[in-house]
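Colleague: Have a look at this one.
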Number of protein chains: 2
Amino acid sequence: MNTTPLAATTVDEQRVRGLARSAAARAGGLTTTADFHRWFAACAERLHTEVEPIALDELVGWHTDPETGNLVHDSGRFFSIEGLRVERPDSAVPHWSQPVINQPETGILGILMSEFDGVPHFLMQAKVEPGNCDGPQLSPTVQATRSNFTRAHRGRDVPYVEYFRDAARHTLLADVRQSEQGAWFYRKRNRNMIVEVREPVAVREGFTWLTLGQLHELLAVDDLVNMDSRAALACLPLAGPGTETVGSPGDAFGSALLRSCAAGPDEGRHTGAEIAHWVTEARSTTDLRARLVPLRQVDEWQSAEGRISHRTGAFFDVMGVRVRARGREVDEWTQPLIAATGPGVIAFLVREIDGVLHVLVQARAEAGHNDVIELAPTVQCTPQNYAHLPAEARPRFLDEVLGADPRRVRFDTTLSEEGGRFYHTRNRYLIVEAEPDWSAEHPDHRWLTVRQLTELLRHSYYLNVEARGLLACLRSLLAAPAAG
Amino acid sequence: MNTTPLAATTVDEQRVRGLARSAAARAGGLTTTADFHRWFAACAERLHTEVEPIALDELVGWHTDPETGNLVHDSGRFFSIEGLRVERPDSAVPHWSQPVINQPETGILGILMSEFDGVPHFLMQAKVEPGNCDGPQLSPTVQATRSNFTRAHRGRDVPYVEYFRDAARHTLLADVRQSEQGAWFYRKRNRNMIVEVREPVAVREGFTWLTLGQLHELLAVDDLVNMDSRAALACLPLAGPGTETVGSPGDAFGSALLRSCAAGPDEGRHTGAEIAHWVTEARSTTDLRARLVPLRQVDEWQSAEGRISHRTGAFFDVMGVRVRARGREVDEWTQPLIAATGPGVIAFLVREIDGVLHVLVQARAEAGHNDVIELAPTVQCTPQNYAHLPAEARPRFLDEVLGADPRRVRFDTTLSEEGGRFYHTRNRYLIVEAEPDWSAEHPDHRWLTVRQLTELLRHSYYLNVEARGLLACLRSLLAAPAAG
């Protein structure tokens with residue numbers, strides 16, 4: 001067994017130790033936590049935005065293509081709502097069709113990092129999105145589609161985008177294309193970047209520097225750290241053994257989590273090669289075929305009351321909104337959004353195996369994935385969609401998660417999905433310790449270490465966006481004070 | 001800078017040393033080279049096959065879909081010829097459409113490995129494909145689409161497929177999904193596997209065990225080692241430092257090649273992180289959109305004389321063949337094939353940098369790629385397609401390759417592309433040492449080490465099939481006797 005605890009991150013030990021110092025700085029560095037909350041409240045005031053649901057035929061600048069029925073922007077850019085026809089001949093639902101967001105262009109989700117007094121800080125933005133439930137959320141330094149920063153919509157400049165478009169001048173901690181929700185996007189690909197700068201950076205209105213420790217604390221606040229921030233943070237190189245310098249691991253859970261981060265890529269229940277084989281096998285034996293079709297060819301979905309909905313009311317609606325915002329690139333616009341029908345559950349079951357915390361991940365096929373399967377949380381579902389179905393149709397392990405002894409629930413926060421595409425679409429993010437004697441065996445699930453998940457994140461399309469966000473939450477528990 | 005010469009291959013040192021012994025066994029092990037040639041000649045006799053070009057409307061079991069014009073199999077399986085509409089707004093040819101092979105199912109290209117007297121051998125098959133120029137070629141142990149081994153075409157069993165379908169019982173040296181020709185396939189994905197068995201394996205008619213050294217020798221024979229074998233062999237873990245035990249590296253070129261294999265993943269002109277950034281940047285800034293469309297919507301292509309051809313005669317034809325074969329799963333059939341218009345050039349320019357051989361690879365966009373860009377050979381083109389164009393339209397570095405001093409040409413063999421889909425489609429595979437003072441700088445090209453290319457091959461869709469095949473050829477030069 002070969003172990004490469006630091007080499008595999010391709011960042012030098014010095015930076016990794018810096019990240020450990022940043023994670024330990026929970027009370028803040030350049031910005032105190034009290035400062036942050038005052039600043040954020042002021043942003044919320046300044047960025048006040050009105051969002052009003054409207055009928056799809058009231059959208060301005062969007063039209064229904066007469067031939068296909070697709071909902072498209074008049075410029076032909078941004079994104080479109082099209083149809084997706086899916087065949088899964090070996091599954092319980094062997095074929096269906098659905099609306100889907102097609103957004104072929106790649107955006108940048110980028111976080112700028114800089115050291116102050118030896119402690120790395122991250123430049124975060126208070127950003128309002130039309131789908132947000134309640135005011136702004138904390139977004140990456142840059143969260144922009146290519147149309148945004150090439151100015152197709154004649155908006156304002158995208159602040160700081162030059163650091164990411166000319167990133168080779170700086171130091172890249174992460175630069176990797178990743179997918180987004182495979183149930184709602186067709187092959188969506190965004191670029192997740194973390195760029196370290198060593199030159200002074202002017203802080204513009206609506207931006208602030210936070211330590212990794214502060215971000216970890218804020219992840220536990222409902223609807224605060226947005227999806228793009230969570231996904232990008234998961235791509236940070238692991239602090240690894242250096243973390244041991246930041247203090248006590250807290251309790252047995254903390255020790256096991258620390259070892260899960262510091263382990264070599266082949267140390268754990270499975271080797272790296274076994275995990276690669278499992279993913280390749282799942283991708284190669286799952287017969288899933290998805291193809292874009294005209295939206296008007298989508299069965300079982302209907303237009304009514306200005307929305308497109310499934311005839312049962314399940315899954316999601318396509319709806320319109322009118323937005324009147326301050327502090328956005330343009331001040332007023334309308335756009336379509338997807339609204340999931342109910343809050344979802346996104347959960348990791350975790351357990352210690354030989355002293356090392358392992359995470360139960362699922363090889364999950366989604367119609368919009370780039371390559372059939374990505375690794376997903378143990379549980380990822382909208383329970384409401386199963387309310388009328390028999391018990392055996394319930395998602396695997398959902399009852400273990402929802403019925404867990406509260407003392408075993410290590411993380412439980414309701415977080416929003418991307419407010420630029422999803423309307424009031426929230427999930428309960430949970431990390432639950434399995435009972436000590438609980439051992440689940442299912443070919444679609446495997447126990448992986450945090451190190452192994454983080455290694456996979458160096459490459460595209462291994463972890464889905466839900467797993468990436470939840471991994472950031474799990475890493476936020478590292479070196480936290482001992483619970484109760 | 002962190003170096004992990006062996007760890008990164010995730011196979012233990014013992015196996016890596018075994019591979020080095022296998023590479024050194026050029027005269028053969030279980031099978032002598034003389035035996036091999038007698039066996040192969042007998043196979044050619046036994047497998048005698050007649051292939052007759054026919055008009056597309058003479059195909060049996062295939063039909064033109066009345067709605068789309070696509071050429072499809074009556075079963076709906078195997079593959080189909082459809083249309084692809086491509087937009088590249090920033091390029092010299094901003095949009096085009098073309099026929100394309102759509103084969104959504106994943107096949108297995110698998111080589112079985114077993115040790116005899118401590119020397120790993122590979123079980124190779126003499127296989128006739130309808131597009132081959134001249135008799136059988138050497139294929140992997142298993143080269144089969146899912147329809148083959150799930151018996152959709154009511155053919156014979158696929159020998160040895162059980163070792164790959166139940167691979168977890170054995171030891172996996174490689175198991176990774178990779179693309180095939182992005183100019184002709186739409187998102188083709190095959191599974192490249194190398195499986196080591198430690199139990200006796202009965203050798204069936206048409207199969208033989210060869211050492212890695214023998215395969216390396218045979219790669220230098222025109223049209224012998226087929227595309228699938230080349231691509232799978234490239235996925236073998238690198239022998240690395242262990243290779244030094246097999247003898248002298250020959251000459252300065254051999255020494256530099258050896259160091260290129262043994263270097264750490266961050267040792268070279270660029271670090272691993274810089275390479276990842278380069279690939280992500282190229283993928284994210286290249287605006288290439290490809291979408292399947294009905295074949296009847298493809299412009300500039302016409303049906304004439306029973307084929308589908310470009311109006312200029314360039315690029316390729318879609319044609320039909322009737323095959324009468326012995327030793328195949330079924331004895332007589334017809335099928336469509338793609339025939340490229342002329343032989344192509346697939347070349348690596350290589351040079352020593354600080355004593356380590358580097359390979360000039362190209363970040364190349366192809367319409368059928370899974371994620372826009374894959375790394376390709378320095379030169380990959382069909383010169384004939386440029387014959388009538390001005391000099392400035394000639395592919396970059398083609399003249400350096402074709403005009404090289406013959407003493408700098410380290411590899412020059414004409415090899416066939418996959419004969420199950422391509423008719424008499426051959427490329428000249430070249431490895432050419434650049435002049436010592438030659439330094440090319442172009443944003444689409446980078447100098448990488450053999451180790452770095454091999455590391456990328458552990459993951460999907462970094463190297464295109466042409467680069468993978470050529471990398472196998474480059475690795476075949478390792479530890480060869482000194483040239484002249």
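Colleague: Normalised by the number of residues in region B:324-398, what is the relative contact order in percent for Cα pairs under 8 Å and 6+ residues apart? Show your work: numbers first, answer last.
Modeller: Values: 80 pairs, mean separation 20.1, N = 75.
Relative contact order, region B:324-398: 27 percent.
Colleague: Just to confirm the numbers: B:L30, label point 7 angstrom along the Cα-Cβ line, distances to the other copies in nm, shortest first?
Modeller: With the label placed 7 Å along Cα→Cβ, B:L30 yields 6.4 nm.
Colleague: Given Cα pairs under 8 Å that are at least 6 residues apart, what percent is the relative contact order of region A:327-459?
Modeller: 35 percent
Colleague: If DNA, RNA and ligands are ignored and the probe is 1.4 Å, what is the ranking of A:F348, A:F78 by accessible area, most exposed first?
Modeller: Descending accessible area places them as A:F78, A:F348.
Colleague: Place the label 7 angstrom along Cα→C-beta at B:R165 and in each other copy, then list the distances from the first to the rest in nm, shortest first.
Modeller: Inter-copy label distances (nm, one decimal, shortest first): 5.3.
Colleague: Which residues, if any, in region B:259-306 lose at least 50 square angstrom of accessible heavy-atom surface (probe 1.4 Å) when the other protein chains sit next to their chain rather than the chain being alone?
Modeller: Residues shielded by partner chains are B:H277, B:T280, B:S284, B:R289, B:R291.
Colleague: Turning to a different aspect of this structure: Enter the per residue convex hull volume of the protein assembly as shown, computed from alpha-carbon coordinates, in Å³ rounded to the nearest integer.
Modeller: So the per-residue hull volume is 166 Å³.
Colleague: Give the Kirkwood hydrodynamic radius (Å, one decimal) of chain A, defined as one over the mean of 1/r across all pairs of different Cα atoms.
Modeller: It works out to 23.0 Å.
Colleague: Which distances, in nm and shortest first, link the B:R296 label point to the same label point in every other copy, taking 7 Å along Cα→Cβ?
Modeller: So the label point of B:R296 gives 1.7 nm to the other copies.
Colleague: If ligands, DNA and RNA are left out, what is the accessible area of B:C381 with a 1.4 Å probe, given in Å² to the nearest 10?
Modeller: 10 Å²
Colleague: Using a 1.4 Å probe on the protein chains only, how many percent of the accessible area of chain B belongs to carbon and sulfur?
Modeller: Percent of accessible area from carbon and sulfur atoms in chain B: 48.
Colleague: Checking an interface number: how much accessible area is buried between B and A, summed over both chains, with a 1.4 Å probe, in Å² rounded to 100?
Modeller: Looking at B and A, the buried total is near 3500 Å².
Colleague: Among the lysines, which fall within straight-line cross-link reach of A:K188, defined as a Cα-Cα distance under 20 Å, with same-chain neighbours fewer than 8 residues apart omitted?
Modeller: Within reach: B:K188.
Colleague: Same structure, new question: Once the whole set of protein chains is in place, how much accessible area is left on A:F315, using a 1.4 Å probe, in Å² to the nearest 10?
Modeller: In the full protein context, A:F315 sits at about 100 Å².
Colleague: Ignoring ligands, DNA and RNA, how do B:H63, B:H216 rank by accessible area with a 1.4 Å probe, largest first? Each step should come with its number before you reach the end.
Modeller: Details: B:H63 75, B:H216 25 Å².
Order by accessible area, largest first: B:H63, B:H216.
Colleague: Shape verdict for region A:386-484, please, from the Cα gyration tensor: rounded (a/c under 1.5), prolate (a/b greater than b/c) or oblate.
Modeller: rounded
Colleague: Right, here's the next one. What residues in region A:369-386 lose 50 Å² or more of accessible surface when the other protein chains are added to their chain alone (1.4 Å probe)?
Modeller: Residues of region A:369-386 that lose at least 50 Å² of accessible area once the other chains are added: A:D371.
Colleague: Are there GluC sites (Glu not before Pro) in region B:21-97 that DSSP marks as loop and that have at most 11 other Cβ atoms within 10 Å, and which are they?
Modeller: B:E67
Colleague: Let me ask something else. Which whole-Hz couplings ³J(HN,Hα) result when phi for each residue of region B:172-178 is put into the Karplus expression 6.51 cos²θ - 1.76 cosθ + 1.60, θ = phi - 60°, listed in order with x for Gly and Pro?
Modeller: Those phi angles translate into 9, 8, 7, 7, 8, 7, 9 Hz.
Colleague: Same structure, new question: Rounded to two decimal places and with Rh computed the Kirkwood way over Cα pairs, what is Rg over Rh for region B:67-135? Each step should come with its number before you reach the end.
Modeller: Working: Rg = 20.1 Å, Rh = 16.8 Å.
Using Cα coordinates only, the ratio equals 1.20.
Colleague: Let me ask something else about it. Heavy atoms only, probe 1.4 angstrom, no DNA, RNA or ligands counted: give me A:T64, B:T334 ranked by accessible area, highest first. Walk me through the numbers on the way to the answer.
Modeller: Details: A:T64 85, B:T334 15 Å².
The ordering from most to least exposed comes out as A:T64, B:T334.
Colleague: For region A:147-211, with every protein chain kept in place, what is the accessible area per residue (1.4 Å probe, Å²)?
Modeller: Result: 40 Å² of accessible area for each residue.
Colleague: Evaluate the distance, in nm, between pseudo-label points positioned 7 Å from the Cα of A:T285 and of A:A42 along their respective Cα→Cβ axes.
Modeller: 5.9 nm
Colleague: For Cα pairs less than 8 Å apart in space and 6+ apart in sequence, what is the mean separation divided by the residue count of chain A, i.e. the relative contact order in percent?
Modeller: 22 percent
Colleague: Roughly how many whole Å is it from the C-alpha centroid of region A:11-33 to that of region A:407-450?
Modeller: Their Cα centres are 26 Å away from one another.
Colleague: Write down the percent of antiparallel bridges among all DSSP beta bridges whose residues are both part of region B:360-484, to the nearest 5.
Modeller: 95 percent
Colleague: Looking at region A:306-358, which trypsin sites (Lys or Arg not before Pro) are DSSP coil and have at most 16 other C-beta atoms within 10 Å of their C-beta?
Modeller: A:R311, A:R326
The values are calculated or read from the model by the stated rules, or taken from the named source; none is laboratory data. Quick caveat, the model's predicted, so the values are computed rather than measured. Virtual Cβ from ideal backbone geometry, glycine too; neighbours counted across all protein chains shown. Surface accessibility is based on the protein's heavy atoms, side chains included, excluding ligands, DNA and RNA. Shrake-Rupley method; radii C 1.70, N 1.55, O 1.52, S 1.80 Å.
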